[in-house]
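Below you'll find the structure, written out as structure tokens, and then a few comments.
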Amino acid sequence: MIVDVMKPLVGISCCRKEFGVFGMVNHAASDTYIRATDQVVDAVPVLLPANGGCGDLATLLSRLDGIILTGSRSNVQPCLYGGPPHAEGTPEDEMRDGVTLPLILAAIANGVPVLAICRGLQELNVALGGSLHQRLQDLPGRIDHSTPMQPSSRIRTGLAHSVSVTSGSWLHRQAGATVIAVNSLHNQGIDRLAPGLVVEGVAPDGTIEAVRVATAPGFAVGVQWHPEYDFETNATSRRIFESFGQALRVRGQSSATAHAAD
């Protein structure tokens, strides 16, 4: 008898963005996250709306096998980490924050695998009690981590600086090296590291580039760069998604074993 094996469901966080001539609000996530989930994680992508307090976390976590927290032009609201107001014109997404921050805490508590990317890493840090630098390029001794304003996507998403990888860490196992090169498309970054997070990689200027939740019962990691942009050509980027996919299946096998024993 042939038994169909259901693929895992992966929730991908959306942002509220205006599209079209009338500026209609949409809930959107980049196609790159969808393709990485389809092609590497081998899971079914499910877009999670940025609907603030209307997000039903219990229902989501009862159905989802993992969560990808995406990057975005918007930034986490400073009031959520005790920071000063953003400079005028800095994009925020209050409705996304209203879903992702409590979702992070609930997912970690329930052992649901979490892969946090760029803004997602910043959300992870804030949700667990950390704070953010709002403009790294304005800090003494820091390099400019922001998106190169170039029409060429190859230049915008190309490798921009190195990251020193913590020896023996999760990232070290994926990269197989203690120094890697990454792209860089962010203004903000971790200031005060949240309790429970451990550093997995650091940029040459001291900016934290990768973290892991040491206290999580399951897989919960974050990277400040965008592995979804080059997973087709960069081995480390691909292994990051493969590692996430493996965590989904390990959790699925554990859940199946537990149900069989009931």
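The values are calculated or read from the model by the stated rules, or taken from the named source; none is laboratory data. This structure is a prediction, so every number in the text was calculated from the model and none was measured. Reconstructed Cβ throughout: ideal geometry from the backbone, glycine too, with neighbour counts over all protein chains shown.
Points worth noting:
- Where a residue in the range 135-153 is exposed (fewer than 10 other Cβ atoms within 10 Å of the Cβ) and its partner, wherever it lies, is modelled with pLDDT of 95 or more and assigned to a loop (DSSP other than H, G, I, E, B), with Cβ under 9 Å and at least six apart: G141/D205; G141/G206
- One residue alone among S237, S243, S162, S167 is part of a helix (DSSP H, G or I) and either out of contact with any helix residue (DSSP H, G or I) (no Cβ under 9 Å at 6 or more places or on another chain) or without any contact (Cβ under 8 Å) to a residue 60 or more places away in the chain (or both), and that residue is S237.
- Within the range 24-42, restricting attention to residues that are outside any loop (DSSP other than H, G, I, E, B) and of a type in the set (S, T, N, Q), the residue that is farthest from the chain's Cα centre (by Cα) is N26.
- Whenever a residue of the range 12-38 is more than 27 Å from F241 (Cα to Cα), its partners that are surrounded by 16 or more Cβ atoms within 10 Å (Cβ to Cβ), lying with C-beta atoms within less than 8 angstrom and at least six residues away or across chains, give the pairs F19/A28; V25/R16; V25/K17.
- Residue that is surrounded by the fewest Cβ atoms within 10 Å (Cβ to Cβ), among those in the range 1-57 that are farther than 26 Å from N234 by Cβ and charged (D, E, K, R): D4
Residues are listed down the side, and each one gets a yes or a no for (1) closer than 14 Å to C118 by Cβ; (2) surrounded by fewer than 16 Cβ atoms within 10 Å (Cβ to Cβ):
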{"residue": "H161", "(1), (2)": "no, no"}
{"residue": "T166", "(1), (2)": "no, no"}
{"residue": "R173", "(1), (2)": "no, yes"}
{"residue": "V182", "(1), (2)": "yes, no"}
{"residue": "H186", "(1), (2)": "yes, no"}
